[in-house]
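The values are calculated or read from the model by the stated rules, or taken from the named source; none is laboratory data. Predicted, not measured: the structure shown is a model, and the values here were computed from it. Positions of Cβ are backbone-derived with ideal geometry, glycine not excepted, and every protein chain shown enters the neighbour counts. Side chains included, ligands, DNA and RNA excluded: accessible areas come from the protein's heavy atoms. Shrake-Rupley method; radii C 1.70, N 1.55, O 1.52, S 1.80 Å.
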Amino acid sequence: MSAPLSAATAVGSSTALLEPQLVQGLLFWLEQRPQEGGRTTMMLRAHGDQPARELTPAPWNLRSRVHTYGGGACSVAALTDGSIGVVFVDAADGRLWQLNLDTAGRSLGDARALTSAGPEAGLFGGGLIDRQRHRWIGVREWQDRDALVAVPLHHGLEPEPSPRSPEVLHQALDFCGYPTLSPEGRQLAWVEWQQPFMPWDRSQLVLAAVRADGSLAPPRRLAGSTGDDAAGVAVFQPLWLTGAAAGDLLVVCDRSGWWNLDRLRGAEADASTLAPPSAGSIGGQPAWEAVLPMAADLATPQWVFGMRTIAWDGERLLALACRDGRWELGEIPLDQPADCRRWQPLTIPFDDLEGLSAERGRAVLVAGEAGTPTGLLEIDLDSGRFQHEPACACPLEAEQLARPEPLTFAGHGGAATHAWYYPPVAGGHAEAPLLIRSHSGPTAMARTGLNLGIQFWTSRGWGVVDVNYGGSSGFGRAYRERLNGQWGIVDVDDCLAAAQTLVARGLASAGKVAMEGGSAGGFTTLAALARGTAIKAGACRYAVADLTALVTDGHRFEAGYLEALVGPWPEGRPVYEHRSPVNQVDQIEAPVIFFQGDRDPVVPPAQTDAMAAALRRRGVPVTVRHFANEGHGFRDGAVRLAVLEATEAFFRHHLHLRP
């Protein structure tokens, strides 16, 4: 029998690839490196046969902190002087910086600051480069509000000037993001949403004409919903078309119950000249054409900026679609009549996909599958040939890999619920220990790409069930809304039912079931432990333990999130208190290990410490590990290694398993 996968191997080379972009034939992407303390850097490859180059070596660390979770830390575009402009946010000072390259990707000088440093400057991210007006347009979060702002770029190799002051183009009521300019630069579209809603609950597509002086005309809402509308509708990633379809605007919208594509023709024209609302319009908005209705999600919850699931290469419309928990890449033939269009999947051996970008017959995205580590996938759209470059080599042979098996079972209320089951390397059996994985979000989803953290467990004889409990994304709006008002109930029922199904099938031992999760997944783990004795041990990373503290002391982005997940505040306070694991310690008997970052702004260390102290007072075995330099989500490889090793040792000890 093969040796178990070591924890060092499982986490040591898990470089995350983010936000690939094709610009003038150059390929840019971000790498988050746990071996460098979680530092994120920008990479460039000029041609497919050339080695990649690092554009922002240490100490640069590209990271946006807008809405706490960030994303969209880098923008790239061809400038009118023939150079390539790169604008990025550095984590150390929060400033915008500009780096210019020639058409071969060679640097034309050192990076220069565009904005001043300090909290009074605000937080920047999620932007684009307006090449016609030589400026960066993006989001600034300042004084608990978002604004779309413009920051002038430096010209050529001019002497280092003083930092620019952002010009406010539009002050949002609450949140805004995902700006995109029309091909001629005459219209700016973006997404807005307001508390207490999250952007995947209710959000709006907004359009404003760009005046000659660069300011914006009064904006107009084109799609989506607010709290005043009867039905909730969410939009994602507006995208302008060029070429034969120039001036048309696309957006992903879930008005059908699935995140599908809608098209508005002629949106490049001044907003006031758009066709008036017709019988096919929604809430007084212009009529939209459903591009290709399908029972699949072409979007994902917008926790961070920089997410892309649709792309236009100048002639072709590409999209990522999630069906039954698996992602696929396909083309939508816009040149065909609407009633003749069919989804045309591209033949690739990958089903875990994100970060789509396309340009002139070429597409790039981040791709993986159950037996192949995540990597950059480049596709020649004319020939169908592709090249995949994994971020690391797979340390396991094919026979050592546990592949995800779809598991459908009766979850909360008897509803059909989905999970991925990974059998132990030697096969499931009645004495096998089982690990329940509860994902974060709780709108995330259990994905199918190679996860060495899961393989770590299966190589040790564990089965793993990765649960897409009610509330998960990728299965349509109704599936996501199962959790509304039921957080701590539906998710727990679904996770416990997944384990019960596997035990009943003789694939796991009822006496050797453990559970783990981070953030919202940690909350679900604690709530499951309070349900009885089905879970024999738990591991929680930066877990939500006190819902009342989360709603009163939480950060701005999620300030109203619990209104949907739990109920209205403050009138619903008794429900918050009843559902909080810190108030359910009398019902927890199983041992728990906690991992907490001391710089966590989402779940402060006090929550973990209070929960652990309450359990200790009852005599429940508890271990707590603090990490001084970590926040919400561990980035440092050494920390991830310590967490995995400690979790395995804790479970092995308390479930009385042999090493």
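Before moving on, here are some points about what is shown:
- Within segment 524-581, the set of residues being charged (D, E, K, R) and in contact with a Lys or Arg (Cβ under 7 Å, 6 or more places away or on another chain) comprises LYS536 only.
- Selection within segment 458-470 - buried (at least 22 other Cβ atoms within 10 Å of the Cβ) and in contact (Cβ under 8 Å) with a residue 40 or more places away in the chain: THR458, SER459, GLY463, VAL464, VAL465, ASP466, VAL467, ASN468, TYR469, GLY470
- Out of ARG145, ARG186, sole residue that is open to solvent by 60 Å² or more (accessible area, probe 1.4 Å) and within 26 Å of TRP312 (Cβ to Cβ): ARG186
- Residue count for segment 194-216 satisfying the condition of being basic (Lys, Arg) and either surrounded by 17 or more Cβ atoms within 10 Å (Cβ to Cβ) or closer than 28 Å to GLU558 by Cβ (or both): 1.
- If the condition is being out of contact with any strand residue (DSSP E or B) (no Cβ under 7 Å at 6 or more places or on another chain) and open to solvent by 50 Å² or more (accessible area, probe 1.4 Å), then segment 611-634 contributes ARG617, ARG618, GLY619, PRO621, ALA628, ASN629.
- Of all residues in segment 30-57 being of a type in the set (D, E, K, R) and under 18 Å from VAL76 (Cβ atoms), the one that is surrounded by the fewest Cβ atoms within 10 Å (Cβ to Cβ): GLU54
- Some residue of segment 364-374 being under 23 Å from the mean Cα position of the chain (by Cα), under 24 Å from GLU405 (Cα atoms) and of a type in the set (D, E, K, R): yes
- Of the strands (runs of 3 or more DSSP E) lying entirely inside segment 312-422, the ones with 2 or more residues being among the charged types (D, E, K, R) and either more than 26 Å from LEU26 (Cβ to Cβ) or open to solvent by 60 Å² or more (accessible area, probe 1.4 Å) (or both) are found at 326-332.
- On inspection, ASP213 fails the criterion of being in contact (Cβ under 8 Å) with a residue 24 or more places away in the chain, more than 20 Å from GLY247 (Cβ to Cβ) and acidic (Asp, Glu).
- Residue check, ALA113 in contact with a Gly (Cβ under 6 Å, 6 or more places away or on another chain) and farther than 30 Å from GLY554 by Cβ: no
- Residues in segment 1-56 that are among the β-branched types (Val, Ile, Thr), touching a helix residue (DSSP H, G or I) at 6+ places or on another chain (Cβ under 6 Å) and assigned to a loop (DSSP other than H, G, I, E, B): none.
- In the set GLY476, GLY453, GLY449, only one residue is over 27 Å from ALA3 (Cβ atoms) and touching a residue at least 40 places away in the same chain (Cβ under 8 Å); that residue is GLY476.
- Test: residue in segment 579-597 that is out of contact with any Gly (no Cβ under 6 Å at 6 or more places or on another chain), among the small types (Gly, Ala, Ser), open to solvent by less than 50 Å² (accessible area, probe 1.4 Å) and part of a helix (DSSP H, G or I): no
- All of (1) crowded, with 24+ Cβ neighbours inside 10 Å; (2) out of contact with any strand residue (DSSP E or B) (no Cβ under 7 Å at 6 or more places or on another chain); (3) of a type in the set (Gly, Ala, Ser) hold for ALA537 with one exception: (2).
- Of residues in segment 640-653 being of a type in the set (A, V, I, L, M, F, W, C) and free of Cβ contacts under 8 Å to residues at least 24 places away in the same chain, the one most open to solvent (accessible area, probe 1.4 Å): ALA649
- Residue satisfying condition, being modelled with pLDDT under 95, at negative phi, polar (S, T, N, Q) and surrounded by fewer than 24 Cβ atoms within 10 Å (Cβ to Cβ), within set THR552, THR501, THR448: THR552
- Within segment 541-584, the set of residues being of a type in the set (Asp, Glu) and more than 20 Å from GLY597 (Cβ to Cβ) comprises GLU563, GLU571, GLU577.
- Flag for THR608 being β-branched (Val, Ile, Thr) and open to solvent by 40 Å² or more (accessible area, probe 1.4 Å): no
- Candidate set: segment 10-29, residues that are within 25 Å of ILE454 (Cβ to Cβ) and small (Gly, Ala, Ser); chosen: the one surrounded by the fewest Cβ atoms within 10 Å (Cβ to Cβ): ALA16
- Number of the exception - ASP466 against (1) more than 23 Å from the chain's Cα centre (by Cα); (2) at pLDDT 95 or above: (1)
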